[in-house]
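The values are calculated or read from the model by the stated rules, or taken from the named source; none is laboratory data. Since this is a predicted model, take the numbers as computed values, not measurements. Cβ coordinates were reconstructed from backbone atoms using ideal geometry, including for glycine residues, and neighbour counts include every protein chain displayed. Side chains included, ligands, DNA and RNA excluded: accessible areas come from the protein's heavy atoms. Shrake-Rupley method; radii C 1.70, N 1.55, O 1.52, S 1.80 Å.
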There are 2 protein chains.
Amino acid sequence: MPLTDQELGRLDAYWRAANYLTVGQIYLMGNPLLREQLRPEHIKPRLLGHWGTSPGLSLLYAHLNRAITQHDLKMIYVTGPGHGGPAIVANTWLEGTYTDLYPSIGQNEDGMARLFRQFSFPGGIPSHVAAEVPGSIHEGGELGYSLMHAYGAAFDNPDLVVACVIGDGEAETGPLAASWPSNTFLNPARDGAVLPILHLNGYKIANPTVLARIPEDDLMALMRGHGYEPFLVAGDEPAAVHQLLAATLDTVLARIRDIQRRGRAGRMPMIILRTPKGWTGPRVVDGLPVEGTFRAHQVPLAHVRENPEHLAMLEAWMRSYRPEELFDPAGTPVAEVTALAPHGEHRMSANPHANGGLLLRDLVLPDFRKYAVPVTDPGRPISEATRVLGGWLRDVIVANPDTFRLFGPDEVVSNRLDAVFETTDRAFDATIHPDDDHLSPDGRVMEVLSEHLCQGWLEGYLLTGRHGLFTSYEAFIHVVDSMVNQHAKWLKVTRGIPWRRPLASLNYLLSSHVWRQDNNGFSHQDPGFIDHVVNKKAEVVRVYLPPDANSLLSTIDHCLRSRHYINVVVAGKQPAPTWLSMEEAIMHSRRGLGIWRWASSDDGEEPDVVLACAGDVPTLETIAAADLLRQRLPDLRIRVVNVIDLMRLQPDTAHPHGLPDAQFDAIFTTDKPVIFAYHGYPALIHRLTYRRTNHRNLHVRGYQEEGTTTTPFDMVMLNELDRFHLVMDVIDRVPGLGTRAAWLRQEMVDVRQSCRDYTREHGEDDPRITGWQWTPESETAP
Amino acid sequence: MPLTDQELGRLDAYWRAANYLTVGQIYLMGNPLLREQLRPEHIKPRLLGHWGTSPGLSLLYAHLNRAITQHDLKMIYVTGPGHGGPAIVANTWLEGTYTDLYPSIGQNEDGMARLFRQFSFPGGIPSHVAAEVPGSIHEGGELGYSLMHAYGAAFDNPDLVVACVIGDGEAETGPLAASWPSNTFLNPARDGAVLPILHLNGYKIANPTVLARIPEDDLMALMRGHGYEPFLVAGDEPAAVHQLLAATLDTVLARIRDIQRRGRAGRMPMIILRTPKGWTGPRVVDGLPVEGTFRAHQVPLAHVRENPEHLAMLEAWMRSYRPEELFDPAGTPVAEVTALAPHGEHRMSANPHANGGLLLRDLVLPDFRKYAVPVTDPGRPISEATRVLGGWLRDVIVANPDTFRLFGPDEVVSNRLDAVFETTDRAFDATIHPDDDHLSPDGRVMEVLSEHLCQGWLEGYLLTGRHGLFTSYEAFIHVVDSMVNQHAKWLKVTRGIPWRRPLASLNYLLSSHVWRQDNNGFSHQDPGFIDHVVNKKAEVVRVYLPPDANSLLSTIDHCLRSRHYINVVVAGKQPAPTWLSMEEAIMHSRRGLGIWRWASSDDGEEPDVVLACAGDVPTLETIAAADLLRQRLPDLRIRVVNVIDLMRLQPDTAHPHGLPDAQFDAIFTTDKPVIFAYHGYPALIHRLTYRRTNHRNLHVRGYQEEGTTTTPFDMVMLNELDRFHLVMDVIDRVPGLGTRAAWLRQEMVDVRQSCRDYTREHGEDDPRITGWQWTPESETAP
């Protein structure tokens, strides 16, 4: 029996207090201490909240508190079943943190009344373990991300223990199922510990959970198979469960310390807690069993205002926690209850890691100008943008040995960032073979074939005050669409919470993009992640399309310095022209879009046509089209505009980066044709610009969902984004160009056909389209 | 030794032939039979394809062929590592199916030359096991969906064995990790069998895989934990592996038959195949080991055209398969090779289940008119749209006992479709307790807390010629964004493949939508799935927003009859007005959008303002605004337009459902203000309509990414979609309305404030906003 009678009494009192406060939040808008008999007007008109998971969450919170005090631990608590928001709110109020941060919610009767009333009440707090809840890094609104967040929090935090409660419902999700092997990427010598606690309360909304219904032997085997040492705690008699859970926690924490001391991978412990859903709540309601069944999921008594029997049951239920023993006459928790709670930053709700902005330090960033590609004239030399970036990222890693990581689904080399392996490895903590390439438990590059894990780890890392960059194939970043939503919402909400400090931005580098999928084809082509992100709040979202290596350097430097944004950067990895010197690139990045005079022929005057472009491949095709037009229609005044910051296209009323209308009109004219070659789906450009004066003359080329395994130029032709088609677009839209233009148009049709024929015969691109300069000799080359 | 020498010889010959054809596809554009020494001009200019996984895929194909013949099986082959496209193409050519379907690719030297040349070649075939490959239901371009597709294919196909090869890379993905417990939802008495084969070749792109590097005991425990009986086949010596694999397959298939015969859940077998990556390929290239390492992933010899040593190695490699023993002088596979292959529909590449359209039968659909809500006058009675639908769906299930299933993440009851449980259960094949609600191995409702699994099962079910409906929370359907992409691409491509027959559409019913998240709040609010889907090819995508119960019935009936689309339907589950009689609903659904005269006051003349709406909640607010305006500004001519088929808004040049401009202008006018209340992100409406004449006067209200846990009306107010704000919008945009309107506008500001205050005080919506009719008395009610 690890617990003395006094300890047991305190644990149980604390737990009862948390449960009482949980039920109070769900039901009451008055009479918080039950000083009088419950009446309908004490009951909220709309009964919202999830009771089922709450008693288990509070039981664990109480026991972890005991362990923190006993073993002097630094711990945070990740609540997978975040729908149990009222339970965690209750615990943080008992610890005093809630009152520290929200002084109007005092630890007294008035505060308790406010605490109850505000929960899921208009003008109050939401129902999950949202950003408003002290100590939360994980809302748990969408299920499945708890364990990956927990691991992300533990990386590079050697003194931290991350307790992670996983609901047996969410354990059915893909992201959670993928998270168990995160232990293969954690280095006990350098990282903190994650303690997964699988809470088998048996039910989801209306169904049992899979893990609660498979044989216990299988469940234990599953956890061993995942490399954990599972400890089972099961029961429905509180005193027995208290003793067993306390003993198990002591064992498990000792095991963790031992593995950490030995500084090497071991079989990390985890706990399976099997207790009834809605434990200590009503057993039978309206003749149907509730406690321990799916009926306990949300609000077990649903008609309390109207049904006197339900009202009486609620009162009996709340009184069963013996509130008079838990709170003094003023409504303040008594010493017997609070004796258990840790103090100061030892409280899980006050641990600064759970408010990462408090701990966030600026990255030490080497001067990216020193990594510049020296540009002799626009387009020269050829460079691989991501390879250039790789050199700088290598030195970012060197300069920030424990606060910056790269994340990606096994694509760092494929994305040509492999210079980073001159200084670090891929993190891996299972068997390593001599032939393996840069693999070690100490690596700073997190590669796993799961975008979910990359995203979740990075979110956990950022939420606890560190920095990172996620590189991925553009098409498959859609895998994390829903996760991005949740993070964007977190960022938006935390802007309104004064005690939450800004985090490092969530940075994406999408390099294997839609136009360069030679090895793969149609299934790997989708530039729609940008569209998805742009739906989120303008104050949170940034999208950059640097056209070359130097502008990519400047952009990523900017992103790594920024705070509290989601930055999406799309850039090429293939050899491509370097258009801008570093000083030009910096200016261009700062402006976000601009006229490229050297590619234009309007001499600063009003042009006949604007050729706009965004993205590396569209920029190449646009420059090539402009070159061709300048040679063949020398009287045509062309203006070339490149857009690097997509949000500049929006009105300044719609986005902080939006260009004022006057400036937009000055660049895009008010009445001339604009041919816009865009990296992604054309509709996005229309959507961003439909309010602009000249929108009616805007013609956008982009990805039309056409493609297969073929050559790069064939791919742009399939989608009518190629230089020849852009020339045709200009001729079709600029009035009065005359016969010469008509002949040129026909020539373009022919040359497209001949390029297509050449490619189908030779299996590679027509050599005439190498580069962007169109020389008459080359016209007859093949 | 299960194999005689002759069988072993045939198996090995077949395998060598497949490997030879695989290498040929990756490298050669001439000299397919190596009649002369390889020269650079025989080599493709761009070397694309994934060799690493291919020998394993062909080894399994060969052995499964033997088993099919031996045991007279009906089997299909799901290729998780779909990047091994050339391997599966090679096998289907050896079986003759490829030539059956593509007669120009004969089983002779010329055909072989074409087979080689076309692979990953412009104008040829893509690199994955794409829709062009006979026998494929799973491209495997994006990794992780193989096992869920396999289970989906097996449901209700009792005679089918679905062999599913799972790459150890893709095994790291969330969706694959979530798929193992699919066995808990399969009923061996009624469904077919899935045989998972985990192919541990050890590496991803540049990294080892997790499952290849954990202790073998853990791996076996993991599979046992998932409820399977694992069989390990490991080796790198072909003859030994052949014997072991053949013996294992015989055992495993006997086990499956036994479990099926006993008609109850058993521990289904699975195979772990551990063989070298790029087996039988070059061992060392440029001094670095290749076979059995990550370097074998794609093209092991990368510079064959330029480097004579690589060229010689390629030739030696290809000759190591002894092609002269495999193909006769005409290039036709010899009998020793083809003896092994099954014939006719026993060939996995010719099994009709893998071309589901061949087997697809129309659903027997009860007449939905009989389920109509009788409408007395517009808006009466109140009904719950999905509950009404549930009654019809129940009878759809009755009428189609083995070709229709419902899929959803435990939300059928929450989405109020529970009438289906009057006739069926939820499928579950683990322990069932007496208190469980409608759970049985025979259930037709597939509920699991994983949108990935729901989507993947349904895709597998549809691809093999059946029907289904996926109901989900609107916000979390983003979980499957990337999967929808892949399915949309499959549908698009198969439209161009004559031998592929149309499939039943992929139907979504999103019911717990953005405006009705009382219990949850901000994290559960995202209407952006529509935006995501609209980026896909117009010929594949349909979006419907039925405004009431009767139009929902009509819409879902239409969707279940349709073929080869992705239909997204968003509808409410809460009590709401029924606007349309069934006949009106049918007409309205057919037209896709229309003027609601009974709500309008333009008497068929040119209106002063158009109030448009799409979605149940926006429709309610619009009708309420129109009612208020009719009462308070009786001279104002209002036209109310409801949009049910969102694609009607696009020009007819952009979408087959697009409304011609003249019709659009007739409805939306060419110059009057249009206030459009839309269910989702407003930008989508602009994007669909920016080319319309009157777009400059279009003002859209929708979800602005503002919300929390609050009341329904407070939620629409937070996003300025409420009736009062719509009235303000009208007043702001219709010129010359005078003082009376100015007073009304101020009244709207005040009434919004008073509604907000009421809600914050009472915790529920102001009773004045119940329904949609604004009565002067009620103005002073509270």
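A few points about this structure:
- Under a 5 Å amide H cut-off, with hydrogens placed 1.01 Å from N, B:Glu384 pairs with B:Ala576 among residues at least 5 apart or on other chains.
- For A:Thr693, inter-copy label distances in nm, listed shortest first [label point 7 Å out on the Cα-Cβ vector]: 2.6
- Anchor B:Lys74: aspartates and glutamates whose Cα lies under 13 Å away (excluding residues fewer than 8 positions away in-chain): B:Asp159, B:Glu345
- Other-chain or far-sequence residues with amide H under 5 Å of A:Glu229's (modelled H): A:Met268, A:Met270
- The HN-Hα couplings worked out from phi for the range B:659-672 by the Karplus form 6.51 cos²θ - 1.76 cosθ + 1.60 (θ = phi - 60°) are 7, x, 4, 4, 5, 4, 4, 4, 7, 9, 6, 9, 8, 9 Hz, whole numbers, x standing for Gly and Pro.
- Nearest-first distances (nm) between copies at A:Gly736, label 7 Å from Cα via Cβ: 3.8
- When the P(r) is computed for the range A:5-350, the part past 30 Å accounts for 31% of the Cα-Cα pairs.
- Degrees between helix B:723-733 axis and first principal axis of chain B (Cα, 0 to 90, nearest 10): 80 degrees
- With label points defined 7 Å past Cα in the direction of Cβ, position A:Arg190 shows copy-to-copy spacings of 5.3 nm, given to one decimal and shortest first.
- Counting, for every residue in B:40-48, the Cβ atoms of other protein chains within 10 Å of its Cβ and taking the mean gives 3.
- The Kirkwood hydrodynamic radius of the range B:154-219, based on inverse pair distances between different Cα atoms, is 13.2 Å.
- Gyration tensor (alpha-carbon) shape descriptor, the range B:595-771, a/c threshold 1.5: oblate
- For the range B:262-387, the normalised intensity computed at q = 0.16, 0.23 Å⁻¹ comes to -1.12, -1.25 (log10 of I(q)/I(0), Debye sum over alpha carbons, equal scatterers, no solvent).
- For chain B, the longest principal axis of the alpha carbon atoms and the long axis of helix B:616-632 meet at an angle near 20°.
- Over 18 Å (Cα to Cα) - which of B:Lys204/B:Lys277; B:Lys489/B:Lys536; A:Lys204/B:Lys573; B:Lys44/B:Lys204; A:Lys489/A:Lys536 fall in this group: A:Lys204/B:Lys573; B:Lys44/B:Lys204
- Its residue count N fixes a reference of 2.2 N^0.38 Å for the protein assembly as shown, and the Cα radius of gyration divided by that reference is 0.90.
- Partners for B:Lys672 among lysines (Cα-Cα distance below 28 Å; same-chain residues under 8 apart left out): A:Lys672
- Using alpha-carbon coordinates, inclination of helix B:216-225 to the longest axis of chain B, degrees: 40 degrees
- Calculated diffusion of chain B, Stokes-Einstein form, Kirkwood radius summed over Cα pairs, 4 °C and 1.567 mPa s, µm²/s: 45 µm²/s
- Computing Rg and the Kirkwood Rh from the Cα coordinates of the range B:125-272 gives a ratio, Rg/Rh, of 0.96.
- Under a 5 Å amide H cut-off, with hydrogens placed 1.01 Å from N, A:Val543 pairs with A:Val568, A:Leu646, A:Met647 among residues at least 5 apart or on other chains.
- Spatial separation of Cα centroids for the range B:521-539 and the range A:300-322, in angstrom: 41 Å
- Rounded percent of accessible protein surface that carbon and sulfur make up, the protein assembly as shown, 1.4 Å probe: 51 percent
- When the charge dipole of the range A:286-329 is built from unit charges on Cβ atoms (+1 for Lys and Arg, -1 for Asp and Glu) and taken about the Cα centre, the candidate among A:Gln298, A:Pro329, A:Trp317 whose Cα reaches farthest toward its positive end is A:Gln298.
- Applying both filters, DSSP loop and at most 13 other Cβ atoms within 10 Å, to the GluC sites (Glu not before Pro) of the range A:15-119 gives A:Glu36.
- Counting only residues at least eight positions apart within a chain, or on another chain, the aspartates and glutamates with an alpha carbon under 13 Å from that of A:Lys537 are B:Asp526, B:Glu705, B:Glu706.
- Estimated from helices alone, the mean residue ellipticity of chain A at 222 nm is -11500 deg cm²/dmol (sum of -39500 (n - 2.57) over DSSP H runs with n ≥ 4, per residue).
- Computing Rg and the Kirkwood Rh from the Cα coordinates of the range A:1-146 gives a ratio, Rg/Rh, of 0.97.
- Rounded D (µm²/s) - the range B:332-375, Kirkwood Rh over Cα pairs, Stokes-Einstein at 10 °C, 1.306 mPa s: 108 µm²/s
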